[in-house]
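Here, each number is a calculation from the coordinates, and none is a lab measurement. Because the structure is a prediction, the values reported are computed rather than measured. Here the Cβ positions follow ideal geometry from the backbone for every residue, glycine too, while neighbour counts run over all protein chains shown.
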Amino acid sequence: MVNSNFYKNLGPRKLTAIIDFLQDVIEPTKVHEDIAIHDIKILQEASSNDISFLSNPKYSDFLKTTNAAACIVPKDFAGEVNPNTVLLRAANSYFAYGKLIDFFYAPIKSYSAKIMKSAIVADSATIGKNCYIGHNVVIEDDVVIGDNSTVETGSFIGRGVNIGRNAKIEQHVSIDYSIIGENAVILAGAKIGQDGFGFSTEKGVHHKIFHTGIVKIGNNVEIGANTTIDRGSLQDTVIEDLCRIDNLIQIGHSVRIGKGSIVVAQAGIAGSSILGKYCVLGGQVGIAGHLNLGDGVQVAAQGGVAQSIEAGKIVGGSPAVPIMDWHRQSIIMKQLLKKRPK
């Protein structure tokens, strides 16, 4: 049961309405009653009023015993199922489930167009229509924030920052030296646009290099909680459209991340490295500086990348090697350990 303190249930929804909303699901071939669906639950917990989903085959046995009224399954699913459960087949069942969540639930917390009295907004700042600016927010001179945006409690927007429409900026976010596109989601505690780690050293003295670049973030980008994105030294730091940056990530100065790329928690990308389009970095991956990862590169969790990688390659290990080589290395290491004299 979804906690009503934090979320509201928009149901019940008729099964035919669910099918119409999802659009890309194949309607069940057998005749079914147009029942009311009250909730979305996992297969093990679903009742005869609920809908569920299957995306990972290891949970397919639960379809035999589930009480769910309906279940979204992969298009080619051929396993056993409770005869009382209606199957809705989708090319991407997990994506369909993600859409369905939006059809059933919404946050309880909502915002009206308002600037709270404790907020400090510079006279030269431009705040768009229907925006909410929360308690103790500081917005400096010449900032531009687009229509329908929210800036929550304690956040700081530095001088000259430009943020597009429909931004959602959570609590205690700091943004400086940045231009951000539309539909940005920036989760609590993120820090964007601070100095990078740039020093020149002479005779034991570390001289700080003045950073003259900025951060450019495209449209429809999400930045996770407590992630840091340094501004560029000479070249700008760039996060292109549709990227998803998880929590607790460090992105160094002058890094460029291509369209649609995903970076998972605790990864770090050193300065001036470039990721192509639709790359994926697993959790705790480290990318050394001044490297180039081509389009579609994937790095398995905890991989350490010390050399540039051609487009489309999948690598793992530290130092990172082609993924099958990494698996072979792991097998050989286990075999060697078994052969050790006792």
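Before moving on, here are some points about what is shown:
- Between residue 3 and residue 16, the contour length at 0.36 nm per residue exceeds the alpha carbon distance by 2.1 nm.
- Based on the convex hull around the alpha carbon atoms, region 173-325 presents an average projected area of 8.6 nm².
- Ordering 233, 149 by the number of other Cβ atoms within 10 Å of each residue's own Cβ, fewest first, gives 233, 149.
- Using the average count of surrounding beta-carbon atoms within 10 Å as a protection proxy, the listed peptides 301-311, 258-268 rank, highest first, as 258-268, 301-311.
- Treating r as the C-beta distance of residue 112 and residue 141 and R0 as 30 Å, the FRET efficiency rounds to 0.70.
- Between residue 58 and residue 36, the modelled labels are 3.8 nm apart [label points 7 Å from Cα along Cα→Cβ].
- Around residue 289: net Lys/Arg minus Asp/Glu count, Cβ-Cβ under 14 Å: 0
- Over the chain, dividing the summed -39,500 (n - 2.57) contributions of all DSSP H runs of at least 4 residues by the number of residues returns a 222 nm mean residue ellipticity of -3500 deg cm²/dmol.
- Local electrostatic count, residue 198, Cβ distance below 11 Å [Lys/Arg +1, Asp/Glu -1]: 0
- Exposure proxy ranking, count of Cβ atoms within 10 Å, fewest first, for 71, 131: 131, 71
- Identified option (computed log10 I(q)/I(0) by the Debye sum over Cα atoms at q = 0.07, 0.10, 0.12 Å⁻¹; candidates (i) -0.65, -0.85, -0.98; (ii) -0.32, -0.65, -0.92; (iii) -0.42, -0.79, -1.02): (iii)
- Alpha-carbon centroids, region 234-271 and region 151-189: separation in whole Å: 16
- When the C-alpha to C-alpha distance is required to be over 20 Å, the pairs from 14/64; 99/277; 129/191; 99/259; 8/109; 41/99 that qualify are 14/64; 99/277; 129/191; 99/259.
- Karplus-derived HN-Hα couplings along region 136-152 (A = 6.51, B = -1.76, C = 1.60, θ = phi - 60°), whole Hz, x at Gly and Pro: 6, 6, 10, 10, 8, 4, 6, 6, 10, 10, x, 4, 6, 9, 10, 10, 8
- Efficiency of FRET between residue 333 and residue 307 - r from beta-carbon atoms, R0 22 angstrom, step 0.05: 0.50
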